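A.B. asks: Please see the structure below; I have some questions.
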Amino acid sequence: MPKGDGWFVLNARDTQWWERKGRGVLCEFEGAGFEGATDFMQFGVNLTLLGPGEPMAMYHWESDQEDFLVLSGEAILVIEGRERRLRTWDFVHCPPGTNHTIVGGGTAPCLVLAVGARDRSGAPDWGAYTVDEGALRRGAGVARETTEAREAYARFPQSVLTRYRDGWLAE
């Protein structure tokens, strides 16, 4: 994993991956709190591989901008109380305050690139997990609004650090 503040090149197959049972597999390009590792200060970037029906996140809004690009497969976007089918190369822009989540769609895994600003990430006014009937139907919603990730994700097992497995990314 990257260390220090300088530039680097890192192949997604060589970085850390997190198995998130029921929420796909997450690839991080930064240190995520490991000793001596670098976290990006201005924005976060990751890849998420979702199986059909797996939510990327619980339905929420953030005080910072987020953007998503579907690199392969199909997904379902739940945004501001509406649903929209996404396919390869669809781009989603979420200005600050936009309620949203993405759920794996179709019959095969989908790969999503996520990028988000970090101005208020981790701050008390970061955002909130909000109640939405469509998100609840898709297994990506909370029954009660909260700002606590631990509460929003309580039904999911803890993520497990792992290595890349062949087949997660196309050649």
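A.B. asks: Starting from the range 30-57, keep only residues that are within 16 Å of Val103 (Cα to Cα) and in a strand (DSSP E or B), then list their pairs with residues that are of a type in the set (Ser, Thr, Tyr) and modelled with pLDDT of 65 or more whose Cβ atoms are within a distance under 8 Å, requiring at least 6 positions of separation or different chains.
C.D. replies: Pro55/Thr101
A.B. asks: Residues that are touching a strand residue (DSSP E or B) at 6+ places or on another chain (Cβ under 8 Å), touching a residue at least 40 places away in the same chain (Cβ under 8 Å) and not small (Gly, Ala, Ser): list the strands (runs of 3 or more DSSP E) wholly contained in the range 83-155 that include at least 2 such residues.
C.D. replies: On the way: elements: 91-94, 100-104, 110-117, 127-129.
In the range 83-155, the matching strands (runs of 3 or more DSSP E) lie at 100-104, 110-117.
A.B. asks: While we're here: From the list Leu71, Leu86, Leu77, Leu49, pick out the single residue that is at pLDDT 95 or above, surrounded by 13 or more Cβ atoms within 10 Å (Cβ to Cβ) and farther than 17 Å from Ala140 by Cβ.
C.D. replies: Details: Leu86 fails: farther than 17 Å from Ala140 by Cβ; Leu77 fails: farther than 17 Å from Ala140 by Cβ; Leu49 fails: farther than 17 Å from Ala140 by Cβ.
So the residue among Leu71, Leu86, Leu77, Leu49 that is at pLDDT 95 or above, surrounded by 13 or more Cβ atoms within 10 Å (Cβ to Cβ) and farther than 17 Å from Ala140 by Cβ is Leu71.
A.B. asks: Applying the selection to the range 156-166, what residues are in a loop (DSSP other than H, G, I, E, B) and under 18 Å from Glu54 (Cα atoms)? Can you show your working first?
C.D. replies: Step one: list which residues in the range 156-166 are in a loop (DSSP other than H, G, I, E, B), which gives 156-159, 163-166.
Selection gives Phe156, Pro157, Gln158, Ser159.
A.B. asks: Let me ask something else about it. Only residues that are on the phi > 0 side of the Ramachandran plot and of a type in the set (D, E, K, R): list them for the range 66-87, please.
C.D. replies: Glu80
The values are calculated or read from the model by the stated rules, or taken from the named source; none is laboratory data. Just so we're clear, the structure is a prediction, and the values are computed from it rather than from any experiment. In this analysis, Cβ positions are derived from the backbone assuming ideal geometry, glycine residues included, and neighbour counts consider all displayed protein chains.
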